[in-house]
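No lab work stands behind these numbers, since they all come straight from the coordinates. As the structure is a computational prediction, the values presented were derived from the model and not from experiment. Here Cβ is always computed from backbone atoms with ideal geometry, including for glycine, and neighbour counts include all displayed protein chains.
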Amino acid sequence: MTDILKKSRRVVVKVGSSLLVDGEKGTLRAQWLQALVEDIAALREQGKDVLVVSSGAIALGRRVLGLPGKALRLEESQAAAAAGQIKLSSAWAEALAKHDIKTAQILLTLGDTEERRQYLNARATVNTLLKLGVVPVVNENDTVATQEIRFGDNDRLAARVAQMISGDCLILLSDIDGLYTADPGVDAAAKFIPVVKSITPEIEAMAGVSRSGFGRGGMITKLLAAKIAVNAGCAMAIANGKKLHPIDALAKGGPKAGTWFTAKASPATARKQWIAGHLNAHGSIRIDSGAAAALLRGRSLLPAGVREVQGSFQRGDVVRVLNEAGDEIAQGLSAYSDEDARRIIGHKSNEITAILGYAGREEMIHRDDLVLHRQEEMQE
């Protein structure tokens, strides 16, 4: 299983509150954080993109606002999150800066990962940061999130983020070694499970509840996160984060190094399966023969090769791609709304800014967001 992490190119690391914050003092575990950052720096030296999903804002904010050791009302939790987020982001920035790594703070809600345009904007921002060599630090936007638009735990947020950026490895650092057949704190006969190839009802029945005084998740939320991750082609590991250098320990393997949930497909394959599975496209784009031939060669669809736009759709919606005869040859995610698409069809990509008044994508549909039908059908 250590090969999964070794071969991964985009890694998401989730850090729980109980690991990052001293429960009794309400202060940051600075030594532990520095050791973790050393692991992150080592991953980057191997050429990997790394993104962190970090809990801890409310736990740190409690101390700042004098609210330790009590159940918080919603407004108190949100106030603590606001105060603690400053400390949390500063701690990550300072720790990463010691390795000459830049960081950026991103706050998300459930709605940001489910509403298509917000999802695309967040995805573009994160991808840009990663291309610039930045380690983004993501947390739930507890200060403004209502019950209807919040995750309530960062395990599932981390899985959604991994899905959003096509991550191929998600590491959930926890206060437990991994998944057991029962709660090892209650049942001494509980057996450790090193690999899960399929999340069956039997596996789900093994989930317990969190005994931590700070974390809002438990094994149940970790299994929910695993479902999201593996369905997106992203392998996931639950590993004990209590020790120093937890990622290094996971990479080296060994007894109880962590529980791995394996993915049956790559992120790219899973993404294309999701696109192909959309039976109800929002519109269609008819292209010329030159553009159709370019798609067969693995190219993206450029505006210059588009003849006609049909239907009503928004950026990020699934659309059908038709050849000159009107036969469907592919489908994909449009980088433009139907209104903007109609304005730029037939034009070169370097003319888009002048036509629309903003710098959009060069492609009408990027090849990563495009699924071709069988080639023999396209050539008929």
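For the reader, a short list of remarks on this structure follows.
- Inter-centroid distance (Cα atoms) of the stretch 44-103 relative to the stretch 263-296, Å: 39
- Candidates THR143, THR221, THR200: whichever shows maximal mean-square fluctuation once the chain is modelled as a Gaussian network with Cα springs under 10 Å: THR200
- Counted charge near THR259, where neighbours are those whose Cβ lies closer than 13 Å (Asp, Glu -1; Lys, Arg +1): +3
- Seen from SER349, the other residues with C-beta closer than 13 Å to its C-beta sum to a net charge of 0, counting Lys and Arg as +1 and Asp and Glu as -1.
- Fewest neighbouring Cβ atoms within 10 Å first, the residues SER8, SER337, SER17 line up as SER337, SER8, SER17.
- Amide H contacts of THR103 (H built 1.01 Å from N, in plane; Pro and chain starts excluded): VAL135 sit under 5 Å, all sequence-distant by 5 or more or on other chains.
- Rg over Rh [alpha-carbon atoms, Kirkwood Rh] for the stretch 8-141: 0.99
- Taking 19 Å as the limit for the C-alpha separation, the pairs LYS197/LYS256; LYS98/LYS242; LYS14/LYS222 exceed it in the case of LYS98/LYS242.
- Simple spin-label estimate for ALA205 and ALA359 gives 5.7 nm between the two label positions (7 Å along the Cα-to-Cβ direction from each Cα).
- A crude spin-label estimate for the pair THR128 and VAL144, with each label 7 Å from Cα along the Cβ direction, gives 1.8 nm.
- Prolate is the label for the stretch 277-379. Its Cα gyration tensor axes, ordered a ≥ b ≥ c, give a/c of at least 1.5 and a/b above b/c.
- Å³ per residue enclosed by the Cα convex hull of the chain: 156
- Taking the DSSP bridge list for the chain and keeping only pairs wholly inside it, about 40 percent are antiparallel.
- Point-to-point label distance, GLU45-GLU308, nm (Cα→Cβ direction, 7 Å offset): 6.0
- A Förster distance of 45 Å, applied to the separation of the beta-carbon atoms of ARG73 and GLU328, puts the FRET efficiency at 0.25.
- Charge tally in the Cβ shell below 14 Å around ALA79, where Lys, Arg are +1 and Asp, Glu are -1, ALA79 excluded: +2
- Beyond 18 Å, the tail of the calculated P(r) for the stretch 57-199 holds 67 percent of the Cα pairs.
- Percent of beta bridges antiparallel (DSSP, the stretch 277-379, rounded to nearest 5): 80
- Nonlocal amide H pairs with ILE176, under 5 Å, H built at 1.01 Å: GLY241
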